[in-house]
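Okay, structure first, notes after.
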Amino acid sequence: MSNLQQKKVKVFSGIQPSGQIHLGNYLGAIRGWVKNQDKKDNIFCIVDLHAITTPQNPIELKKQTEILTTLLFASGLDPNKNTIFIQSHVSAHSEACWILNCITPMGWLERMTQFKDKGENKKTVSTGLLDYPVLMAADILIYDTQEVPVGEDQKQHVELARDIAQRFNNIYGNTFVIPEPIIPNTGARIMGLNDPTVKMSKTFSNIRGHSVGILDSPDEIVKTFKKATTDSGNEIKFSEDPSKAGVNNLLTIFKVITNQNNDQVEKHFSNARGYGDLKTQVAEVVIQEFQPIREKYQMLKNNQEELTQLINNGAEIAQSISSKKLSEIKNKIGFIN
Ligand code: AMP
Ligand code: TRP
């Protein structure tokens, strides 16, 4: 690692391999990661250990993990600039989780709102679901992470990671960096195409017309946009009016992809022939944006050797960073080398 790299802020992002990666994920997260990949020292971890805290079909989990990993590379994340790996390939995560479990009071975990939400109305809940935030703390802390970009829903977990780090440091002496949660601004909050009053979400990806996936065919993308919910008017303008949320969402997608401001976008559509034309044009820019990603995805998928190599390299780098921290932790708590 060069001196220059060492000075960069260390960022850790975890992504669950569950559900289809959609336009919202792409515009709200992945695209920004690609743009900023030179600025920070980024680690992207596909968190399969977290995924199994709720029941998973093994075939589906494997498929989703492969798709997500390949998509991250295909989207333009450069493996020479970022560390991209699969969580279960690096045993330090589970080992550190166990050790951190032993200094984390149960009450801290029982208070977590995600645990309460996900556990609600379930007959049985796994111990893993309760322990989820400690594994997340382990993910973050074993890389001396400084910044953790997360959605609002995960902020409480990052705060818990801070509490766990502080508690460990108090008991055993300074060991962990205290990470900061970074909540991205909501500038590119993409709404459901079928229902523009709800955020586009993996949870609804099985609902027809809700979202478009990065790997959807151009035909599917056009079809989904043509059916997008708008209103009975014909004015193509940005608007805060809830009844215009559909058109506003389409314009936002167009604006983010084409890197224009509101005025430029409104001017662009000033001669459009109604909402039909708007939908077609938005579909077109989405297809163009996804085209190179789809191609790269297919290329990588057809070259399993290269893909395996990339995944193994990522794990090797993550392993070499985290194993040093793990040794330090084990040493501090009194384990024999
Ligand atoms: P999730 O799909 O909730 O696991 O989120 C993965 C990443 O995508 C997070 O960084 C989210 O903030 C981002 N994201 C998810 N849905 C949207 C959306 N509808 N609009 C913008 N960003 C999103
Ligand atoms: N819990 C996060 C989510 O569902 C994923 C995640 C796991 C994560 N480990 C992490 C995010 C560490 C940031 C840092 O979105």
Subject >> Residues (within 14 Å of ligand 1 (Cβ to nearest atom) and open to solvent by 20 Å² or more (accessible area, probe 1.4 Å)) located in the stretch 49-66 >> reply: THR54, GLN64
**OP:** May I ask you to list pairs of residues, at least six apart or on different chains, whose Cβ atoms are under 6 Å apart, with the first in the stretch 273-294 being assigned by TED's automatic domain parsing to the domain that holds LYS227 and the second being open to solvent by 60 Å² or more (accessible area, probe 1.4 Å)?
**Re:** GLY274/ASN234; LYS279/LYS226
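Any residue at all in the stretch 193-213 that is open to solvent by 30 Å² or more (accessible area, probe 1.4 Å), of a type in the set (Val, Ile, Thr) and free of Cβ contacts under 8 Å to residues at least 12 places away in the same chain?
The answer is yes; a qualifying residue exists.
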**OP:** Show the residue pairs that are 6+ apart or on different chains and have beta-carbon atoms under 6 Å apart, the first residue being within the stretch 29-41 and more than 19 Å from ILE140 (Cβ to Cβ), the second being open to solvent by 70 Å² or more (accessible area, probe 1.4 Å) and more than 15 Å from ligand 2 (Cβ to nearest atom).
**Re:** GLN37/LYS81
Original post:
What number of residues within the stretch 33-47 satisfy the criterion of being open to solvent by 20 Å² or more (accessible area, probe 1.4 Å) and touching a helix residue (DSSP H, G or I) at 6+ places or on another chain (Cβ under 8 Å)?
Top reply: 1
Original post:
Inside the stretch 79-125, can you point out the residues that are of a type in the set (Phe, Trp, Tyr), under 22 Å from PHE168 (Cβ atoms) and open to solvent by less than 90 Å² (accessible area, probe 1.4 Å)?
Top reply: TRP108, PHE115
**OP:** Within the stretch 269-290, identify whether any single residue is open to solvent by less than 60 Å² (accessible area, probe 1.4 Å), of a type in the set (A, V, I, L, M, F, W, C), over 30 Å from ASP139 (Cα atoms) and at pLDDT below 95, and answer yes or no.
**Re:** yes
Subject >> Test: residue in the stretch 8-15 that is in contact (Cβ under 8 Å) with a residue 24 or more places away in the chain, away from ligand 1 (no atom under 11 Å from the Cβ) and buried (at least 21 other Cβ atoms within 10 Å of the Cβ) >> reply: yes
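Go through the stretch 121-160 and count every residue that is in a loop (DSSP other than H, G, I, E, B) and more than 8 Å from ligand 2 (Cβ to nearest atom).
Here the count works out to 10.
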Original post:
If you go through the stretch 159-171 one residue at a time, do you hit one that is open to solvent by 30 Å² or more (accessible area, probe 1.4 Å), within 16 Å of ligand 1 (Cβ to nearest atom) and touching a residue at least 24 places away in the same chain (Cβ under 8 Å)?
Top reply: no
**OP:** Answer yes or no: is there a residue in the stretch 240-249 that is touching a residue at least 12 places away in the same chain (Cβ under 8 Å), surrounded by fewer than 20 Cβ atoms within 10 Å (Cβ to Cβ) and either touching a His at 6+ places or on another chain (Cβ under 9 Å) or farther than 15 Å from MET191 by Cα (or both).
**Re:** no
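The values are calculated or read from the model by the stated rules, or taken from the named source; none is laboratory data. Here the structure is a predicted model, which means the values were calculated and not measured. Don't worry about glycine lacking a Cβ; one is built from the backbone with ideal geometry, like all the others, and counts go over all protein chains shown. To get the accessible areas, we keep the full protein, side chains included, count just its heavy atoms, and leave off ligands, DNA and RNA. Shrake-Rupley method; radii C 1.70, N 1.55, O 1.52, S 1.80 Å.
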